[in-house]
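S.K.: One structure, pasted below without further comment.
All of the numbers you see were taken from the coordinates with simple rules; none came from a lab. Here the structure is a predicted model, which is why all the values come from computation and not from measurement. We place every Cβ from the backbone using ideal geometry, glycine too, and count neighbours over all the protein chains shown.
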Amino acid sequence: MPIEILYDRMKTAVTGEDDQGHIIYNRSLLALARHYRFVPRACRPYRAKTKGKVERPFSYIRKDFFLGRTFRNLEELNAELIEWLESVANVRVHGTTQRIIVKAFAAEQPELQSLPAERFDAVLKLERRVSHDGMVSMGGNYYSVPDRTRRVVEVEQLPDRIRILDLCQVIAEHAVPEGRRQCRIDPAHRTGGSGAKRRIPGQDAITIGRIGEHVAVRSLAIYQAIGSHLAQGERP
């Protein structure tokens, strides 16, 4: 990890300047910088040559690696990316420096900082409305919240899970399922209106399969009650 990283003045890095002309950096960028122990530095305004080349590597990765490939999950993507880096990208001669990339990195590595032992959990915070079925939509999937949750909550998106907060208190946490239009339900959230956290014996958070445009999710207790009525010839 470098000691200093140069950024363009996009809003994800720089939010403005104070009265004395000091740069105000994005709070999320500062959190990232604290974790990895680097100093962010913004380019001078209207000085394009100070930015360096950043766009071409992304175009190269997209065209040479991503196009024409499919991945079952993130683990498979990472495994294929590592193989591609070791066999294709890092052993080629760079078009600008005319150096073999892996050898150039080996020469520069002693000047870099070591990575932190713990990973950085990037958090995307969004406001979401709770549906009449007690569900919150996030990233194309649906997640349950406890009964009697307020209509508007805050959702924190992490790499592998989401946290749902009501008045700054965490009220639900779910693993992010693979794919989209999946429904994730914690049975403890369906208490018949009491709001108490009560788990169904032998049950944990469950995933309902793909759902249509309208979410119609009910608790396991309701499904069991409907099945009992039908078995007795009654209408639910």
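S.K.: With only alpha-carbon atoms counted, please give the Rg and Dmax of segment 1-97, in Å.
M.R.: Computed over the Cα atoms of segment 1-97, radius of gyration and Dmax are 17.4, 51 Å.
S.K.: What per residue convex hull volume, in Å³, comes out for segment 42-175 when only alpha-carbon positions are used?
M.R.: Output value, Cα hull per residue: 208 Å³.
S.K.: Can I ask one more? Describe numerically, in nm with one decimal, the distance between label points set 7 Å from Cα along Cα→Cβ at Ile101 and at Ala175.
M.R.: Label at Ile101, label at Ala175, 3.3 nm between them.
S.K.: May I ask you to derive the FRET efficiency for Ile5 and Glu86 from their Cβ-Cβ distance with R0 = 30 Å, giving the value to the nearest 0.05?
M.R.: Values: r = 25 Å, r/R0 = 0.83.
So, using R0 = 30 Å, E works out to roughly 0.75.
S.K.: Then there is this: State, to one decimal in nm², a quarter of the convex hull surface area for the C-alpha atoms of segment 113-180, i.e. the direction-averaged projected area. Write down the numbers at each step before the final one.
M.R.: Working: hull surface 22.8 nm².
Over all viewing directions, segment 113-180 projects a mean Cα-hull area of 5.7 nm².
S.K.: Could you give the length gained by full extension between Arg161 and Glu127, i.e. 0.36 nm per residue of separation minus their alpha carbon distance, to one decimal place?
M.R.: Length gained between Arg161 and Glu127: 10.6 nm.
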